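The values are calculated or read from the model by the stated rules, or taken from the named source; none is laboratory data. Everything numeric in this text was worked out from a predicted model, so none of it was measured. As a convention, Cβ positions derive from the backbone with ideal geometry for all residues, glycine included, and neighbour counts pool all protein chains shown. Just the protein is used for accessible areas: all its heavy atoms, side chains included, with ligands, DNA and RNA removed. Shrake-Rupley method; radii C 1.70, N 1.55, O 1.52, S 1.80 Å.
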Amino acid sequence: MTTFAPYIEYARKAFAREATYRIELIAEIGSVVLRVYLLRSLWTALYAHNAAPTGLPLHSMITYTTVALLMSLVLEVDGTRVIREKLREGGIAVDLMKPIVVPFAYFSDGIGQTLLHAAAIVPSLLFALLLVRIDVPSLPVLAIFCCSLALGYGVNFFVNFLMNGVAFWTLETFGLQLIVRWISDLLSGQILPLSFFPGWFGRAVFALPFAAIYSTPLLVYVGIIPPAKWAAALAVQAAWLAATAGASFLLWRAASRRVVVQGG
Amino acid sequence: MPFAARAAGASAAKNACVPLIVTRDLRKVFRNAKRFPGALGALRGLFSPVYEDRVAVAGLSMEIERGEFIGYIGPNGAGKSTTIKMLTGILVPSAGEVEVAGIVPHRKRRENARNIGVVFGQRTQLYWDLPLVDSFELLRAIYGIPQDRYRRSLDAFIELLEMGDFLRTPVRQLSLGQRMRGDFAAAMLHEPPILYLDEPTIGLDVVAKEAIRTFVARVNREQGTTIILTTHDLADVERLCRRIVLIDHGRAIFDGPIERIKNEYGRERTLVVRFTETTSAPTIPGARLESVEGMTARFVFDRATQRVDRLVREVSDRYSVEDIAIEEPELEGIIRHIYTQGYAGEERSA
Ligand SMILES: Nc1ncnc2c1ncn2[C@@H]1O[C@H](COP(=O)(O)OP(=O)(O)OP(=O)(O)O)[C@@H](O)[C@H]1O
Ligand SMILES: [Mg+2]
């Protein structure tokens, strides 16, 4: 592989392809706005009864959930889901017959999808602002948030890659998929700040790669991670990125030796 | 001349004496977990899996020279697609050797990919939701085809395959025949010296089939592209291929020119006689009556033991004859015979 041109083209085609599913995108925006409203109502009620843990004022909590939902617009893009689908139907043959590094192509395809979905953030945010007020932090915080989000995006890609890559060994991965999805939703901090979990469990969740996806950028955003700890927090994310990328590389190397192309 | 210069891959095989494609005792065994019926069976399979081996290719040796057009045929499940997958490098052989243009495909998958174009009849490589031309643009980037050369070959394909009308139509709105034409162009945009076609005419009507046949014949003739064609339509083979490789149960049972299989098997000829009046149960010594329909009777005889002139004389002496024709056996009949009766000739005579 000598140039990036094929991968840039993969991203462009993915963008164009996703753009043909206009209704789906509109539905997604609607769903985000609806969830913003529901979670605002939930947290407001919980805080009114003092049932929620303290340490995070209500407006920060609402900011957290709203930003998390906006992030999900790009983080729920799973560029590697195609591995599973293409393995089942044998379509992976077509990609393997090209002079390309196939995981790079899938990553680029994911980037293309992400860019289109990122465009949906703007209308979602505008609608959400009709329902809730969110805090806007200072410029340096926003900058670090963006770096952290980029790292989280990478970790998310490779976690998905590993999960979908299991299909190389067993073609039926739906059950596993569901369980990991569940765990990752809860333990990534997408729904709840991980700082709410008590005791050893609270410490354990930070030791999982999922926290590097949603939690770190969000805690930077709402200020629970202070500037003094930014470097450490981003370093942990980078470490997870390296670890999951390394594992993905090994998985792919093992998989390409045993890939069975179905059908024909 | 519609095509530009030969693709780079050809230089990989420096030595012109070495065949372009070589396989030696090539084997592929699929190992699958055996499934047991019912819910309990599923559990049993989960905890103590029993594996089942299925031999798809069982020691295949063949050599293919540059510029050949091979008909690779055999009954369902014979191992044709499996062989093609090993030649493309996407399936690792269980044993044996394979080399394509000096490259071991599964070791250097990407390098090998530059030398080959592949068309699968039952699978498309085109972007389903995007206009056809978008898939071509992606391929241009993948193979790094310079813009001017891309334009030239795309224009050539648009003309040869008559794709002008649907170039900007989303692929999912194309008819099967249109999509196949798109797939052919996609497989050949980078001008590969080798083309693998796995049932490329499946489901096409006679006109579309003929268009595709004319196209591949031309590519083989004018570009010297080496083509391996897998198909169940023996008219394709008869029309296009000079040599056939016949495989069954993963083994080549015949490899040679079409004429030879015809000579070995096609010793039988059919004498079609049209009488001037309705004749029931006509007979000719030395020929077997196959059917009578109205005033036409069909006799089968062995070309090696019976002389045609004698048979013709016999029949015209005995009956009042309007017309006589002799039919050569069709490849289809011969192949059907081999599939059902087995191949009786010497094995793998080259
Ligand atoms: N992924 C797989 N797992 C297990 N067995 C397989 C697999 N793919 C193919 N086989 C088996 O290998 C044998 C050869 O299959 P292959 O697809 O090569 O046949 P083919 O000659 O292309 O047949 P057809 O003319 O029907 O396309 C068959 O018995 C098939 O069941
Ligand atoms: Mg097949």
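Just checking, how many residues over the range B:71-98 are more than 15 Å from ligand 2 (Cβ to nearest atom) and among the aliphatic types (A, V, I, L, M)? Looking only at that region, the number is 3. In the range B:68-92, of all residues being open to solvent by 20 Å² or more (accessible area, probe 1.4 Å) and more than 10 Å from every other protein chain (Cβ to nearest Cβ), the one that is farthest from ligand 1 (Cβ to nearest atom) corresponds to B:E68.
The rows are residues; the columns are (1) at pLDDT 95 or above; (2) more than 23 Å from A:F4 (Cα to Cα); (3) more than 8 Å from every other protein chain (Cβ to nearest Cβ).
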site: B:F120; (1), (2), (3): no, yes, no
site: B:W128; (1), (2), (3): no, yes, yes
site: B:E137; (1), (2), (3): yes, no, no
site: B:A141; (1), (2), (3): yes, no, no
site: B:L160; (1), (2), (3): no, yes, yes
site: B:M163; (1), (2), (3): no, yes, yes
site: B:P170; (1), (2), (3): yes, yes, no
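Quick check on A:F145: is it touching a residue at least 60 places away in the same chain (Cβ under 8 Å) and either over 22 Å from A:G223 (Cβ atoms) or surrounded by fewer than 19 Cβ atoms within 10 Å (Cβ to Cβ) (or both)? No.
Annotation: B:N115 fulfils all but one of (1) of a type outside the set (F, W, Y); (2) open to solvent by less than 10 Å² (accessible area, probe 1.4 Å); (3) within 22 Å of A:T20 (Cα to Cα); the unmet one is (3). For the range A:23-47, a tally of residues being over 21 Å from the mean Cα position of the chain (by Cα) and open to solvent by 80 Å² or more (accessible area, probe 1.4 Å) returns 4. Only one entry of A:R258, A:R203 meets the criterion of being open to solvent by 40 Å² or more (accessible area, probe 1.4 Å), more than 16 Å from ligand 2 (Cβ to nearest atom) and within 14 Å of chain B (Cβ to nearest Cβ), and that entry is A:R258. Of all residues in the range B:64-92, none that is farther than 20 Å from A:P99 by Cα and free of Cβ contacts under 8 Å to residues at least 24 places away in the same chain has its Cβ atom under 6 Å from the Cβ atom of a residue that is near ligand 1 (Cβ under 9 Å from one of its atoms) and in a strand (DSSP E or B), 6 or more apart or on another chain.
One line per residue, one yes/no per condition, for (1) under 30 Å from A:I179 (Cα atoms); (2) within 14 Å of another protein chain (Cβ to nearest Cβ); (3) free of Cβ contacts under 8 Å to residues at least 12 places away in the same chain:
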site: A:K86; (1), (2), (3): yes, yes, yes
site: A:I92; (1), (2), (3): yes, yes, no
site: A:I100; (1), (2), (3): no, yes, no
site: A:A120; (1), (2), (3): yes, no, no
site: A:V132; (1), (2), (3): no, no, no
site: A:L139; (1), (2), (3): no, no, yes
site: A:L151; (1), (2), (3): yes, no, no
site: A:V159; (1), (2), (3): yes, no, no
site: A:F168; (1), (2), (3): yes, yes, no
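When only residues in the range B:228-246 that are surrounded by fewer than 22 Cβ atoms within 10 Å (Cβ to Cβ) and within 17 Å of B:I21 (Cα to Cα) count, which is farthest from ligand 1 (Cβ to nearest atom)? So the residue we want is B:R242. Checked across the range A:5-23, the condition of being within 18 Å of A:I134 (Cα to Cα), without any contact (Cβ under 8 Å) to a residue 24 or more places away in the chain and part of a helix (DSSP H, G or I) holds for no residue. The residues of the range B:143-155 that are within 8 Å of another protein chain (Cβ to nearest Cβ) and either within 27 Å of the chain's Cα centre (by Cα) or within 22 Å of B:F215 (Cβ to Cβ) (or both) amount to a single one, B:Y143.
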